[in-house]
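First up is the structure itself, then whatever we jot down about it.
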Amino acid sequence: MDETIKAQIIDLLKGMATKLAPDANLREMYGGLVIELEKDDPKSRVGGIYAYSDYVSLELAKGVSFDDPDDVLEGAGKLRRHVKLRSLSDLETKCCQAFLKQAVSTT
């Protein structure tokens, strides 16, 4: 995946998160960015953004409970789900803003 596209996806996800939760704290952790609604409070963590060689992953801490009528969310863990983004258009087609909105409202 092109590094420029990867950086754009990350910037757009960060923008979505801060638009939905203006006081959210995005901090580096685990090799990416975690999204916390309250600074340095792991209990307020709603997800994270992580770059891999072939995609960017939007991780959702309580994704198992999200409304996902198009079966976009991936993962089989007890709580977390993620969305793999390989292009800018994936941000819209994979409903990232709707999932972030659910993440912010479930904490």
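Read the figures in this text as sums done on the coordinates, not as results from a lab. Keep in mind that this is a model prediction, so the values were computed, not measured. So basically every Cβ, Gly included, is an ideal-geometry build from the backbone, and we count neighbours across all protein chains shown.
Condition check ((1) touching a residue at least 60 places away in the same chain (Cβ under 8 Å); (2) closer than 22 Å to Ser87 by Cβ; (3) acidic (Asp, Glu)) across all residues:
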{"position": "Asp2", "(1), (2), (3)": "no, yes, yes"}
{"position": "Ala7", "(1), (2), (3)": "no, yes, no"}
{"position": "Lys19", "(1), (2), (3)": "no, yes, no"}
{"position": "Asn25", "(1), (2), (3)": "no, no, no"}
{"position": "Glu36", "(1), (2), (3)": "no, no, yes"}
{"position": "Tyr55", "(1), (2), (3)": "no, yes, no"}
{"position": "Ala61", "(1), (2), (3)": "no, no, no"}
{"position": "Pro69", "(1), (2), (3)": "no, yes, no"}
Let me spell it out: the conditions are (1) at positive phi; (2) in contact (Cβ under 8 Å) with a residue 60 or more places away in the chain, and Tyr30 meets all of them except one. Which number is the exception? (2)
Only residues that are surrounded by fewer than 20 Cβ atoms within 10 Å (Cβ to Cβ) and closer than 18 Å to Gly32 by Cα: list them for the stretch 63-81, please. Arg80
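I'm checking my understanding of the structure. Among residues of the stretch 5-20 that are more than 14 Å from Val104 (Cα to Cα) and not polar (S, T, N, Q), which one is surrounded by the most Cβ atoms within 10 Å (Cβ to Cβ)?
This residue is Ile9.
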